[in-house]
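The values are calculated or read from the model by the stated rules, or taken from the named source; none is laboratory data. Predicted, not measured: the structure shown is a model, and the values here were computed from it. Here the Cβ is made from the backbone with ideal geometry for all residues, glycine too, and neighbour counts use every protein chain on show. Each accessible area value is taken on the protein alone, full model and side chains, heavy atoms only, with ligands, DNA and RNA left out. Shrake-Rupley method; radii C 1.70, N 1.55, O 1.52, S 1.80 Å.
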Amino acid sequence: MTTIVSAKAEHLDQWAQLRHRLWDEDPAEAHREEAVEQLGDEERFLNLVAIDDGHVVAFAEASIRHEYVNGCDGSPVVFLEGIFVVPEMRRSGLARQLCDKVAEWGRARGCAEFASDAWHDDTESHAFHLAAGFVETERVVYFRQEL
């Protein structure tokens, strides 16, 4: 049976490995350090892990954002910073359960909107967000120039 709990220090190593699988630009150790920082700020961050047979098989990270969030009308906004489910557990409803818990947490903190983002070409993430009840609000391409 899979259970969803707030992440704790005992989950850090496995959670960091899953973060690395989602965001592979940085090593797992860097992800672990960032996760430790997030655990230290429970007012701003929610970190959930799903445990199955003693293993972390999924996570969801969310934050409360007070600054402008693209596509939203108000503040504060609960923002899904990241979500990952191991491939063998996908399509089980686990990601939706994680999102439901994030939404509940946001509502309890005065949020009327739940937002997220995805890379423009990440069609798998787009499909997940739509299935989870999100609606696309806008697409943005950022530019920069060195001076």
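Filtered by the rule that a residue be under 15 Å from the mean Cα position of the chain (by Cα) and of a type in the set (Gly, Ala, Ser), region 119-132 gives SER125, ALA132.
Does ILE4 count as over 30 Å from TYR142 (Cα atoms), part of a strand (DSSP E or B) and either touching a Leu at 6+ places or on another chain (Cβ under 8 Å) or of a type outside the set (Phe, Trp, Tyr) (or both)? So ILE4 fits the description; yes.
When VAL102 is tested against (1) closer than 25 Å to ARG139 by Cβ; (2) at pLDDT below 95, just one condition goes unmet, and that condition is (2). Scanning region 97-124 for residues that are hydroxyl-bearing (Ser, Thr, Tyr) and out of contact with any Phe, Trp or Tyr (no Cβ under 7 Å at 6 or more places or on another chain) turns up just one, THR123.
The set of residues in region 98-111 being open to solvent by 100 Å² or more (accessible area, probe 1.4 Å) and out of contact with any strand residue (DSSP E or B) (no Cβ under 6 Å at 6 or more places or on another chain) consists of GLU104, ARG107.
For the condition surrounded by 13 or more Cβ atoms within 10 Å (Cβ to Cβ), among the β-branched types (Val, Ile, Thr) and either modelled with pLDDT of 95 or more or touching a Lys or Arg at 6+ places or on another chain (Cβ under 7 Å) (or both), VAL86 qualifies. Close Cβ contacts (under 7 Å, 6 or more residues apart or on different chains) running from residues in region 27-42 that are open to solvent by 40 Å² or more (accessible area, probe 1.4 Å) to residues that are among the hydrophobic types (A, V, I, L, M, F, W, C) and not in a helix (DSSP H, G or I) comprise LEU39/ALA7. Just to verify a result, which residue in region 7-26, among those that are open to solvent by less than 30 Å² (accessible area, probe 1.4 Å), assigned to a helix (DSSP H, G or I) and in contact with a strand residue (DSSP E or B) (Cβ under 8 Å, 6 or more places away or on another chain), is nearest to TRP119 (Cα to Cα)? Across region 7-26, the extreme among qualifying residues is ARG19. Any chance region 130-140 includes a residue that's among the charged types (D, E, K, R) and surrounded by 15 or more Cβ atoms within 10 Å (Cβ to Cβ)? No: region 130-140 contains no residue that is among the charged types (D, E, K, R) and surrounded by 15 or more Cβ atoms within 10 Å (Cβ to Cβ). Here SER116 clears all of (1) farther than 22 Å from VAL56 by Cα; (2) modelled with pLDDT of 95 or more; (3) more than 13 Å from the chain's Cα centre (by Cα) except the condition numbered (3).
Conditions (1) modelled with pLDDT of 95 or more; (2) polar (S, T, N, Q); (3) in contact with a Cys (Cβ under 7 Å, 6 or more places away or on another chain), marked per residue:
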{"site": "MET1", "(1), (2), (3)": "no, no, no"}
{"site": "ALA7", "(1), (2), (3)": "yes, no, no"}
{"site": "GLN17", "(1), (2), (3)": "yes, yes, no"}
{"site": "ARG21", "(1), (2), (3)": "yes, no, no"}
{"site": "GLU37", "(1), (2), (3)": "no, no, no"}
{"site": "ALA50", "(1), (2), (3)": "yes, no, no"}
